[in-house]
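Single-structure report; data block below.
The values are calculated or read from the model by the stated rules, or taken from the named source; none is laboratory data. From a predicted model like this one, the values you see are computed outputs, not experimental measurements. Here Cβ is always computed from backbone atoms with ideal geometry, including for glycine, and neighbour counts include all displayed protein chains. Note: areas computed on protein heavy atoms with side chains; ligands, DNA, RNA excluded. Shrake-Rupley method; radii C 1.70, N 1.55, O 1.52, S 1.80 Å.
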Amino acid sequence: MTSRNEANDDHWVADDVLDCAVVGGGPAGLTAGLYLRRFHRSVRVIDAGDSRAQRIVCSHNYPGFPDGVAGGYLLQRMRQQLLQVGGDLICDTVQKIDRRPDGLFVLALVRGRLMARNVIFCTGVKDRLPTLPGIKLAEGADRLRYCPVCDGYEFTGKRIGVLGNSTHGIKEAAFLQHFSQDVWFIEVEGRLDDLVHDVDIAQLPRVPGVAKAVTVNYERSPAVTMKDGSCHVFDVLYAALGVDPRTQLAISLGIELDDTGTIVTDAHGRTSVSNLFAAGDVASGLDQLTVAVGQAAIAATAIHNSL
């Protein structure tokens, strides 16, 4: 199937219409594409190239990889598996989605258009990064983490610093206390007065003051310098400022979101709008690779059955 820049929508024929367009080429999107192709469905996965999984240096809680697996390598293997069954993966960005009166979806890409009977949103979320000088040094040294569910185990008994500016960061620090008793809450962006009560209730040790910068020493340990000049060294830092779900396209189609801004789905990945599905981090649920691929498999199977 070839996308068209000039064609009028009324001139599309049945063979031009995909059974499903998958928006997002991360683990969820690639799984959805794989399942649909193995069901002999016409599907295209549109990958903008900014999957959150690409930044995973090494995940130790993805089944089947006892020594851990890099996110980039996992994506590479999943792309290869999709292509082996005739899957269609393109590097492009969906700019807009419209629905025709007959129910078909028209996806406007940077380089062309597609038409589909169903759409799965696997657009993921974007981590909020601290705007601290030197934070990229900690990330480059693999000492800045984002998901305590994913890798808290690897830092059992270690000295952990949690960078936060809201109750979300406090909850994440409290969660990490399951793995270590040496967990410290570090305030960023100057909201300590608003948070001190919640920190005390959670019985969290906290570094006094507000973080100013991050450095990494010769042992690759991250150190946080506070505005009062004090410096505190940790084994690892967690950025706990929350995430922003990539839901702009979903919102434009009237899909219901929950109070965290993620897409509400039923047990089969269906959203509040017919023939629109969601899977992965952009959907309500635990932000995990295993959850993302499971949600995608369920949604893809529901689409196949509906067709």
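Residue by residue, the range 275-285 carries 3J(HN,Hα) couplings of 6, 10, 10, 8, 8, x, 4, 6, 9, 4, x Hz when phi is fed to the Karplus relation 6.51 cos²θ - 1.76 cosθ + 1.60 (θ = phi - 60°); x denotes Gly or Pro. Counting only protein heavy atoms and a probe of 1.4 Å, the accessible surface of the range 26-85 is 49% carbon and sulfur. If the label point is 7 Å along Cα→Cβ of residue 218, which residues in the range 116-159 have backbone nitrogen under 20 Å from it? What the label zone holds, given the 20 Å backbone N cut-off, is 137-138, 141-143. Counted by Cβ distance under 12 Å from residue 213, the other residues give a net charge of +3, where Lys and Arg count +1 and Asp and Glu count -1.
If packing is taken as the mean number of other Cβ atoms within 10 Å per residue, what is the order of 76-86, 204-214, 118-128, highest first? Provide the component values of the computation, followed by the final result.
Numbers: 76-86: 14.8, 204-214: 17.5, 118-128: 24.5.
Order by mean packing, descending: 118-128, 204-214, 76-86.
Between helix 27-38 and the chain there is an angle of about 30 degrees, using the helix long axis and the longest principal axis of the Cα atoms.
Which percent of the accessible area of the range 169-307 is formed by carbon and sulfur heavy atoms (probe 1.4 angstrom)?
Working: 3420 of 6520 Å².
Here carbon and sulfur together make up 52 percent of the probe-accessible area.
Any idea of the accessible area per residue across the chain, 1.4 Å probe, to the nearest Å²? Display every interim value, and only then the final one.
Working: 14620 Å² over 307 residues.
With the other protein chains kept in place, the chain gives 48 Å² per residue.
Put a plus charge on the Cβ of each Lys and Arg, a minus charge on the Cβ of each Asp and Glu, and nothing anywhere else: the dipole of the chain about its Cα centre is then about 640 debye.
Across the options 214, 23, 275, the greatest Cα extent toward the positive end of the charge dipole of the chain (unit charges at beta carbon of Lys, Arg, Asp, Glu) belongs to 23. From the coordinates of this entry, Kirkwood radius over Cα pairs in Å is computed, and it appears in (i) 20.0; (ii) 20.8; (iii) 19.5 under the label (ii).
Contact order normalised by length for the chain, with contacts defined as Cα pairs under 8 Å and 6 or more residues apart; what percent is it?
Details: 653 pairs, mean separation 60.3, N = 307.
So the answer I get is 20 percent.
Ordering 187, 139, 154, 219 from largest to smallest accessible area (1.4 angstrom probe), what's the sequence?
Details: 187 0, 139 45, 154 70, 219 115 Å².
Most to least solvent-accessible, the answer reads 219, 154, 139, 187.
Counting only heavy atoms of the protein chains and using a 1.4 Å probe, residue 272 has close to 70 Å² of accessible surface. Oblate is the label for the range 236-307, because the ratio a/c of its alpha-carbon gyration tensor axes (a ≥ b ≥ c) is 1.5 or higher and a/b is not greater than b/c.
Classify the range 132-254: rounded, prolate or oblate, from the alpha-carbon gyration tensor (a ≥ b ≥ c, eigenvalue square roots; a/c under 1.5 rounded; otherwise prolate if a/b is larger than b/c)? It is rounded, given that a/c, with a ≥ b ≥ c, falls under 1.5.
With a ≥ b ≥ c taken as the square roots of the eigenvalues of the C-alpha gyration tensor of the range 81-178, please select rounded if a/c is under 1.5 and otherwise prolate if a/b is larger than b/c or oblate if it is not?
Values: a/c = 2.61, a/b = 2.37, b/c = 1.10.
Since a/c reaches 1.5 and a/b is larger than b/c, the shape of the range 81-178 is classed as prolate.
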